[in-house]
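Heads up, the thing below is written out as structure tokens.
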Amino acid sequence: MGIVLLTRSICPFSETRVLHGVEGSSKNVLGVSFPNTCRLVLRAQTRGRNNRSKEPKNLRYPRRPKLPRESVTDRFWKDKPPTDQNETRDLVYEDPMVDNFDDTDTEGEGEQEGGDNIVWDPDEIEAISSLFRGRIPQKPGKLLNRERPLPLRLPSKIRPIGFPTPKKHVRMTSSAAVSSRQTFSKRVYKNPSFLVDLAKEIRRLPSDEDVSTVLNKWSAFLRKGSLSLTVRELGHMGLPKRALETFNWARTQPHLFPDDRILASTVEVLARNRDLKLPSALEEFTSFGSRSVIEAMVRGFIKGGHLIEARKLILSAKAGKRTLDSGIYAKLILELGKNPDKHIRVLPLLEELGERDDLNLNQQGCTSIMKVCIRLGKFDIVEILFNWYKQSGQDPSVVMYTTVIHSRFCQEKYREALLVVWEMEGANCLFDLPAYRVVIKLFVALNDLPRTVRYFSKLKEAGFSPTYDIYRNLFTIYMVSGRVAKCKEVCKEVEMAGFVLDKQIKSQLLQLESLARSAVPDV
């Protein structure tokens, strides 16, 4: 009897299979001879993972109920046409569920020709056996090399992209990143710390030594406008002669002069230290001189206290139809307003400012003019400036609000001043000590005790120490209200704060105590 032996296992179960052959030669394919009547029992096992191991999670916890399992033989051998017996090898499976079988039946089935025997090709056997090795390798295609979807765009990226930053403003946008790539000259010629150190080095020079010994070392790293800060720093140090020497040295350097910035700085320093006199042909100077130099000279005269020279220069520029900055007028008006004898000279400057259409005042200059106008009694100008400043789109500061409240208080327009207080509260403007002083004085004038006490408590909560005039106003409103005990508390608090009560408050306190005793009937 000949037996056909297959070396590859195709069954996923570990069970006994009986192979039957056909009578013929006594040697099999491998050359092993067997007796005429023999039955070979083989045990097939899978080459994959051990059957005792746990099943994967996708089998243990399926997402949908499992369908009845279809056998491998049915899936791959269904409707397979039979082929010639001589060209193939036969394999017969025994049903594992049937235990009561005998050899005679099995042998009889194997002897039938053209029965239920299934014939395989070598390619089919290779494909079936590969199922038990693991995952079938796939050719690279769209499924493996699929493109991932792009992430959602952020809201900041959806906005339209702005124009690129001009190259001339690169330093301002990323100074830290660009400064490391700049040359030493570009990092030095506008560096304030370097220019101030240069002025300090000039100050340390002996009196008989010229500034060129210091400046020649740094000449290659300087540019136009660099030494203007050095000259101003020398002026703050009280060294106008060194500032003039620095200017004269810069005139000899072709790459540093002509430059109006160093000229204006030198003129301002000399004018502030009274080392500069007005030219004899003042009208000719104001007609042909640059605006920056004229304004620097006026600022120098104002800082040095030479208000008459500054006023002459401004009037000469006006006669020559030269327009100066509005801040120059504000500084001169502030300095002239400090002296009551010079108030008359302020009015022409105020009229000239009122005639200008291109009025350009910052917050400090506008507030300083308003304070001078309060001293002069020009309350209408205060209101005009306040309305103009708000209409220009700028937010008033606490100093400007306080100035307007004080202006309306001086006019005895208490209700109008109270509107400014509510405007401050609506704008969430933080009060400072002068603001609390003016507001408390306003509430005392209105005889509003609750608001006076409330703002006095706010003052303490803000961390300010009340001044003597605030204690005096608080004592006054308590006295008007007849609160003798509160008046005594205020006086005690004043003494604890280190102030000395004046004679008027002491006499008023004695009068209140005497009135209180007389009001109490004798028992």
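Couple of notes before you dig in:
- Region 307-441: relative contact order as a whole-number percent, Cα under 8 Å and 6+ apart: 18
- Other residues with beta-carbon under 10 Å from the beta-carbon of Leu215 carry, at +1 per Lys or Arg and -1 per Asp or Glu, a net charge of -2.
- For region 430-477, the solvent-accessible area works out to 45 Å² per residue, with a probe of 1.4 Å and every protein chain left in place.
- Binned Cα-Cα distances of region 334-480, short to long, each 5 Å bin given as a whole percent: 2, 9, 18, 20, 18, 14, 11, 5, 3, 1, 0
- Between Tyr468 and Glu513, the contour length at 0.36 nm per residue exceeds the Cα-Cα span by 14.0 nm.
- As a fraction of the 1.4 Å probe accessible area of region 395-504, surface on carbon and sulfur atoms comes out at 53 percent.
- Stokes-Einstein diffusion of region 196-269 at 20 °C, 1.002 mPa s viscosity, Kirkwood radius from Cα pairs, rounded to a whole number: 180 µm²/s.
- Given their separation in residues at 0.36 nm each and the Cα-Cα distance between them, Trp388 and Glu201 gain 62.6 nm when the chain is fully extended.
- Shape box of region 178-315 [Cα atoms, principal axes, largest first, Å]: 49, 34, 24
- Spin-label zone in region 219-247 - amide nitrogen under 15 Å from a point set 7 Å from the Cα of His255 along the C-beta vector: 219-227
- Accessible area, probe 1.4 Å, largest first, for residues Ile374, Ile405: Ile374, Ile405
- List Trp218, Trp249, ordered by accessible area with a 1.4 Å probe, largest first: Trp218, Trp249
- Cross-link pairs Lys303/Lys378; Lys342/Lys506; Lys318/Lys390 - those with Cα-Cα distance over 30 Å: Lys342/Lys506
- Solvent accessible area, Å² - Glu493, 1.4 Å probe, full protein context: 60
- By accessible area with a 1.4 Å probe, ligands and nucleic acids excluded, highest first: order of Asp358, Asp341: Asp341, Asp358
- Residues in region 233-315 average 50 Å² of solvent-accessible surface per residue, probe 1.4 Å, ligands and nucleic acids excluded.
- Percent accessible area from carbon and sulfur atoms, region 345-389, protein chains only, probe 1.4 Å: 46
- Cα gyration tensor shape for region 334-409, rounded if a/c is under 1.5, else prolate or oblate: oblate
- Near Leu501, once Lys and Arg are set to +1 and Asp and Glu to -1 for all other residues with Cβ below 12 Å from its Cβ, the sum equals +2.
- Cβ-Cβ FRET estimate between Ala497 and Ser292, R0 fixed at 56 Å, reported to 0.05: 0.65
- Amide H within-cut-off set for Val119, under 5 Å, with H built and near neighbours excluded: Thr83
- Of the accessible area of region 182-338, computed with a 1.4 Å probe over protein heavy atoms only, carbon and sulfur atoms account for 52 percent.
The values are calculated or read from the model by the stated rules, or taken from the named source; none is laboratory data. Only a predicted model underlies this, so the values are computations on that prediction, with no experimental measurement involved. A quick note on method: Cβ atoms are made from the backbone with ideal geometry, for glycine too, and the neighbour counts reach across all protein chains shown. All accessible areas refer to the heavy atoms of the entire protein, side chains included, with ligands and DNA or RNA removed. Shrake-Rupley method; radii C 1.70, N 1.55, O 1.52, S 1.80 Å.
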